[in-house]
Amino acid sequence: MLFNSFEFIFLFLPISIIGYFIINHFHNRLAKFWLVSASLFFYSWWNIKYLPLILVSIAFNYIVGKMLNQNRQQTSRKNILILGLIGNLGLLGYFKYADFFINNLNYVLNSHLNLLNIVLPLAISFFTFQQIAYLVDTYRGEAKEYDLLNYALFVSFFPQLIAGPIVHHKEMMPQFLANDNKGLNYANLATGLFIFFIGLFKKVVIADTFAVWATFGFDVALSLSFIEAWLISLSYTFQLYFDFSGYTDMAIGAALMLNIKLPINFFSPYKSLNIQEFWRRWHMTLSRFLQDYVYIPLGGNRKGEYVTYRNLVLTFLIGGLWHGAGWNFVFWGFLHGLALVIHRFWRKFNINMPKVIAWFLTFNFVNLAWVFFRANTFTDALKVIRGMLGLNGIILPSSWADKLAMFSTNSFAAYQLTDIRNAFIFVILGLVITLACKNSIELKDKFKPNILYLLWAAILALIAFTQLTGVSEFLYFNF
Amino acid sequence: MTYKSWFFSTLLIIALPLLVVASFNYYIDPLWNFNCNNKYNNKQMPFNERQQKTNYITFHKFDYDSLILGSSRTTYIKQTDFVGLNAYNYAVNNMLIDEYYDYIEYAKKVKGSDFDYIIIGLDFYASNKNLDKEFAEPAHYIANTNQFGYRFTSLISRDTLDYAKQNYAAALEENPINYTYNRENIKSLFKVSEEESVANIETTLNTYRTKIYANYEYTNVREMLEKIKNSNPNTRFIIFTTPVNHKLYNLMLELDLSTHYQQLINDVVEVFGEVYDFNYPNAITTDDRNYFDGSHFYPEIGTLIAHRISNLSTELATDFGTLITKVK
């Protein structure tokens, strides 16, 4: 079920919330069972055949976690952890990377092994990473869970199940167990509703508008002129941000209505002045995971300069691969790893770059790297990059010909991107919103129950509701 | 203001405008999801016939014994003109041959049984393998219609509201509006002057010369038709060729495509045993006044086609329509 669907907004969410609080009034454990059942129903809505997979995954990790908790011997605990990691990575590897691996094997060995054509189960990357973190935390003695219902709720809690934020057991379970959270809380309900509507608006109105231009430029157009290529790459840069951060806002809002505070996942990433700051503001719970469970175990920055650089690149190669089974994702990860290495190297010189230049470099690097992230093939990526570099010529819209008569007539032509004026306006608006406006977390924290916020929420919701008809998919669902 | 009052006030403020939008959309019903017929919605813009007709079939009583399929040319034939049959006209703009199967299967599924008759208005241009597909596959529209709560969720859509406003404005117009459907699935096509008709025909010729016939390659019509025939063993098929203006017919000859037209006729006869051919120079096709443009005849010509197929005498044009059968 999608957050931006009628069935979620008008049926599933209200019924889940009302049911949860009514049942919680009488029986806490039954209320948790209600929430788990609702979450599994939410998960199965798209395709019930995925349900056994998540159930098996939950059961496996619960058992491994319990074994870790019950076992005191360090060697056995390590073996149990390795078994758990192999189980999780094996599941992810089979469902997400098997065909990618076979494809590459065929290419290298010139063989013709048949592809398995496995359909990627919904949210497998998210719930697998979350449970890997749980097992490692348990191994480190930072998490303990003996109750299957609690564990199932931690993994399946519907607001974060499909696309994060990737949560830790230690930050979720105390909230589910706290007595204060068991009753209806109108402050949370109102604040949650407010941020949910902000997220819905970001996804349905803003991201889906950018999506039209990005899809045309990446998937349809054969070549792109300079201005078109920049508008298209920027369209995707904003589409991805508003799409994913909008989804996260809705997740935070839905959870808050159930008195659960999910961690922040985005904090104005396009305001970043360097690439390290970007990763502290973009998909923050993934960055946290990669840092805690990949970068630091690899040695982090404790083993000298060059090993640190290697660890950074390796971490981001894994981060890239996590996003998708394709070399374009790996290359995107490599670019970010490399940028972090360069940033770290630059810091040694203690030279303070002017903020405007720092922002400009960071934003444009991120924008350029997204091209590889979005393109289906390297050829598509290079098509956009070529356009951005002006290698297909700098062509101005033919409608400007009269106003800019000093240029040669060869400089004007009709654009493939028919809606170029609106694309331009939206890109400017995207820049203004992401750079000059408060982000949704800041807005949530400032929220007051007054008429101004009421009108604001109502207008955002009304515009979004009336544009819900063509329900589109969230970009991060495939990861 | 307390959090509680804010919460409920916000929901109320959102619900009221949505209720107004939904009521208006229901009353005008531009997506043909409901059975609300009134003087303010008797002009329906055909903004997406595939979706609208699929919606109609899904959400209305659908007990027709016959189904009509074809392109926009066939949309102008009144479903009531086929005497003795209770037919539903499922023809849509630019329907291609490979779409027939899915729409027939869906209509059968909704009806719950086979059709007695399936009538197909076959267009020569649709036998071109290299035509650009301007529309999504039938599965897309069928899936939309059957999406959970579709008919109700579309009530608060801004797109639906835009179409509803257009239909409402059309209904208020004193002058009739062209190309609109009424609530009985009858589509209008108003007469233009002879000069306009000639100009429209010229435009059509140009379009066919430069686009539709420009990259012609005969598609495997027989396979597609056999698939339909085999999946409807209890149904009688009536196939007719849609008559284009003689100038467009001549263009087909000029571009050396007549062998493909023959092939099309042969394939239809091989599969179904017979075909009503209207597409050749005759009293109707050689008179420009019968045409809105080079390929679209007026609804009264559609009536002649239906009557000819229904074996009613057509006094207006005795040479219009010939039944081609297998040589025994």
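Look at B:Thr10 and say whether it is β-branched (Val, Ile, Thr), under 30 Å from A:Leu460 (Cα atoms) and surrounded by fewer than 23 Cβ atoms within 10 Å (Cβ to Cβ). Considered against the rule, which asks whether it is β-branched (Val, Ile, Thr), under 30 Å from A:Leu460 (Cα atoms) and surrounded by fewer than 23 Cβ atoms within 10 Å (Cβ to Cβ), B:Thr10 comes out as yes. Within the range B:145-158, residues that are facing chain A (nearest Cβ under 7 Å) sit with their Cβ atoms under 9 Å from residues that are among the aromatic types (Phe, Trp, Tyr) and in a loop (DSSP other than H, G, I, E, B), at 6+ positions apart or across chains, in these pairs: B:Phe148/A:Trp45. Of all the criteria given as (1) outside any helix (DSSP H, G or I); (2) within 14 Å of chain A (Cβ to nearest Cβ); (3) more than 15 Å from the chain's Cα centre (by Cα), the one not satisfied by B:Tyr40 is (2). For residues that are more than 14 Å from chain A (Cβ to nearest Cβ) and part of a helix (DSSP H, G or I), tally how many sit in the range B:24-37. Result for the range B:24-37: 3. Here A:Ser39 fulfils each of the conditions (1) more than 14 Å from every other protein chain (Cβ to nearest Cβ); (2) under 28 Å from B:Leu19 (Cα atoms); (3) surrounded by 16 or more Cβ atoms within 10 Å (Cβ to Cβ) apart from (2). In the range B:123-143, the qualifying residues are those that are surrounded by 20 or more Cβ atoms within 10 Å (Cβ to Cβ) and within 20 Å of B:Pro46 (Cβ to Cβ), and the one that is farthest from the other protein chains (Cβ to nearest Cβ) is B:Asp123.
Among residues of the range A:103-128 being under 27 Å from the mean Cα position of the chain (by Cα) and of a type in the set (Val, Ile, Thr), the one that is surrounded by the fewest Cβ atoms within 10 Å (Cβ to Cβ) is A:Val119.
Of all residues in the range B:235-270, those satisfying the criterion of being aliphatic (A, V, I, L, M) and more than 21 Å from B:Glu223 (Cβ to Cβ) are B:Val244, B:Leu248, B:Leu251, B:Met252, B:Leu253, B:Leu255. B:Asn94 falls short on exactly one of the conditions (1) surrounded by fewer than 23 Cβ atoms within 10 Å (Cβ to Cβ); (2) in contact (Cβ under 8 Å) with a residue 60 or more places away in the chain, and that condition is (2). Determine, yes or no, whether A:Trp332 is crowded, with 21+ Cβ neighbours inside 10 Å, within 20 Å of A:Phe289 (Cα to Cα), touching a residue at least 60 places away in the same chain (Cβ under 8 Å) and among the aromatic types (Phe, Trp, Tyr). Criteria not met by A:Trp332.
Checking the stated criteria, B:Val271 turns out to be assigned to a helix (DSSP H, G or I) and among the β-branched types (Val, Ile, Thr). Checking B:Leu31 against (1) closer than 21 Å to B:Arg158 by Cα; (2) modelled with pLDDT of 95 or more; (3) hydrophobic (A, V, I, L, M, F, W, C), which single condition isn't satisfied? Going through the list (1) closer than 21 Å to B:Arg158 by Cα; (2) modelled with pLDDT of 95 or more; (3) hydrophobic (A, V, I, L, M, F, W, C), B:Leu31 breaks only (2).
Selection of the range A:14-35 for residues being more than 31 Å from the chain's Cα centre (by Cα), in a helix (DSSP H, G or I) and surrounded by fewer than 17 Cβ atoms within 10 Å (Cβ to Cβ) yields A:Ile22, A:His25, A:Phe26, A:Asn28, A:Arg29, A:Leu30.
With respect to (1) part of a helix (DSSP H, G or I); (2) surrounded by fewer than 20 Cβ atoms within 10 Å (Cβ to Cβ); (3) within 14 Å of chain A (Cβ to nearest Cβ), the lone exception for B:Ala164 is condition (2).
Among residues of the range A:171-194 that are crowded, with 18+ Cβ neighbours inside 10 Å, those with a beta-carbon under 6 Å from a residue that is not in a helix (DSSP H, G or I) at least six positions away or on a different chain give the pairs A:Asn185/A:Asn259; A:Asn188/A:Asn259; A:Ala190/A:Pro449; A:Thr191/A:Phe447; A:Phe194/A:Phe447.
If I filter the range B:98-116 for residues that are within 14 Å of chain A (Cβ to nearest Cβ) and surrounded by fewer than 21 Cβ atoms within 10 Å (Cβ to Cβ), do I get at least one hit? No, because not a single residue in the range B:98-116 is within 14 Å of chain A (Cβ to nearest Cβ) and surrounded by fewer than 21 Cβ atoms within 10 Å (Cβ to Cβ).
Scanning for something surrounded by fewer than 18 Cβ atoms within 10 Å (Cβ to Cβ), among the hydrophobic types (A, V, I, L, M, F, W, C) and within 14 Å of chain A (Cβ to nearest Cβ), does the range B:51-74 turn up at least one residue? No - not one qualifying residue is present in the range B:51-74.
The condition of being free of Cβ contacts under 8 Å to residues at least 60 places away in the same chain and touching an Asp or Glu at 6+ places or on another chain (Cβ under 6 Å) holds for only one of B:Asn86, B:Asn38, that being B:Asn86.
The values are calculated or read from the model by the stated rules, or taken from the named source; none is laboratory data. Predicted model, so just to flag it, every value in this text is computed and none were measured. Every residue, glycine as well, gets a Cβ built from its backbone with ideal geometry; the counts of neighbours run over all protein chains shown.
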